[in-house]
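The values are calculated or read from the model by the stated rules, or taken from the named source; none is laboratory data. Note that this is a predicted model, so its numbers are computed, not measured. With ideal geometry, Cβ positions are generated from the backbone for all residues, glycine too; neighbour counts draw on all protein chains shown. For the accessible areas, the whole protein counts, side chains as well, though only heavy atoms, and no ligand, DNA or RNA atoms are used. Shrake-Rupley method; radii C 1.70, N 1.55, O 1.52, S 1.80 Å.
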Amino acid sequence: MSFVRLGWTTLKSQFPSVIILFLYQLLWGLFLYRLVDSAVTALLQRYPDPPPTALSRILFLLEGQINVWNNPDVRLYGWLLAGMVVLRLFLTPLIQAGILYGFAPADSRSPGFPLFRGMKEFGKPVILFYALELLLTLLPAFWIVPRLLSLWPALAGVDTPVTTWLVGLGWILGWFIYGWLIRQCLLFAQFGYLFKAGIWNSLLLCFRSLLQAIGISAILGAFGLLLFFLFGTVSWFWTGMLALILQQTYPLFRSAFKVWKVASQFHLWQTKAQKS
């Protein structure tokens, strides 16, 4: 809990970065909403339900397949979505670099807003670490996704055995744990590289303090999950303006929890590095 409290203290000094992260996520959500509202919703409104004839749904699917390849609007939306995904993959590590730069002592920072200075000072190595994290996290998909697809016919059945569900959930849970370990190791490696403590030494510190790192993630994850259910419950029972305000402000709390978690992990790494 001491590292969580230290992370909270750091979070308060990083609040301007939290606001920018919140606006970044809010704009991304607005883009997805407008894309779905203008493209997907208009398409689903044409879906024949209930169908006037038995062939209506088949004709709808055939028309959709033809439009995917021949309609210029579909290609436009596809390229727009692909371009925004690439832009997000580029901006996410830059914002993370600015947040990490804010953890440096104030007397060692260059003048200027820490988030933007961090993008310049730490941007390139953090982008490389982020690309490595994506590669290592997605690598098991070549083995896990085909196995999950092979289980799909059995999972879609009415009388699905419990063992089949357990096998599918086991693959997903194992992939989740693997992804968390990769992120945790590379986060400590980034700390070691950016703050001149050594990558390999930081990786050793990661494994030695793994239980404490799990505790930090569990505590803040539980707080975040509780907040999610609280916002969802209030929005469900009190619809209207209050629900709209809660939905728009929830990304702010999610951004704060993200920075809080990284700050707590940084204080864990810093404490262990000073003792070693």
**Fill in**
With a 1.4 angstrom probe the carbon and sulfur portion of accessible area for the stretch 64-143, in percent, totals 73 percent
**Asked** What nm value, rounded to one decimal, do you get for the distance between L139 and L227 when each label is placed 7 Å out toward the C-beta?
**Response** 3.3 nm
**Fill in**
Here, L151 and T164, labelled 7 Å along Cα→Cβ, have an inter-label distance in nm of 1.1 nm
**Asked** For A218 and L246 in the same chain, what is the full-extension length gain: residue separation times 0.36 nm, less their Cα-Cα distance, in nm?
**Response** 7.7 nm
**Message:** Distance cut-off 18 Å, Cα to Cα: go down the list K124/K196; K12/K196; K120/K261; K196/K272 and report the pairs above it.
**Reply:** K12/K196; K120/K261
**Request:** For L244, tell me the accessible area in Å² from a 1.4 Å probe, rounded to the nearest 10.
**Result:** 90 Å²
**Prompt:** Say each of F237 and L87 gets a label point 7 Å from the Cα, pointing the same way as Cα to Cβ; how far apart are those two points in nm?
**Reply:** 4.0 nm
**Item:** Karplus-derived HN-Hα couplings along the stretch 260-267 (A = 6.51, B = -1.76, C = 1.60, θ = phi - 60°), whole Hz, x at Gly and Pro
**Value:** 4, 5, 5, 5, 5, 5, 5, 5
**Request:** Starting from the residue with the highest accessible area, list C185, C206 in decreasing order, probe 1.4 Å.
**Result:** C185, C206
**Prompt:** W238: accessible area at probe 1.4 Å, nearest 10 Å²?
**Reply:** 150 Å²
**Request:** Mind checking the full-extension length gain between L132 and I177? Use 0.36 nm per residue of separation minus the Cα-Cα distance, one decimal, nm.
**Result:** 14.5 nm
**Asked** Can you work out ³J(HN,Hα) from phi for every residue in the stretch 21-30, in order, using Karplus 6.51 cos²θ - 1.76 cosθ + 1.60 and θ = phi - 60°, giving whole Hz and x for Gly and Pro?
**Response** 4, 4, 5, 4, 5, 5, 5, 5, x, 5
**Item:** Loop-located trypsin sites (Lys or Arg not before Pro) in the stretch 178-247, at most 16 other Cβ atoms within 10 Å (DSSP)
**Value:** K196
**Fill in**
For the stretch 225-236, in residue order, the Karplus 3J(HN,Hα) values (coefficients 6.51, -1.76, 1.60; θ = phi - 60°; whole Hz; Gly and Pro = x) are 5, 4, 5, 4, 5, 5, 5, x, 5, 4, 5, 6
**Item:** As computed over the stretch 137-276, the Cα convex hull volume per residue (Å³)
**Value:** 159 Å³
**Fill in**
Packing-ranked peptide list from 210-220, 96-106, highest mean Cβ count within 10 angstrom first, is 96-106, 210-220
**Request:** Using the heavy atoms of the protein chains and a 1.4 angstrom probe, tell me the accessible area per residue for the stretch 203-276 in square angstrom.
**Result:** 60 Å²
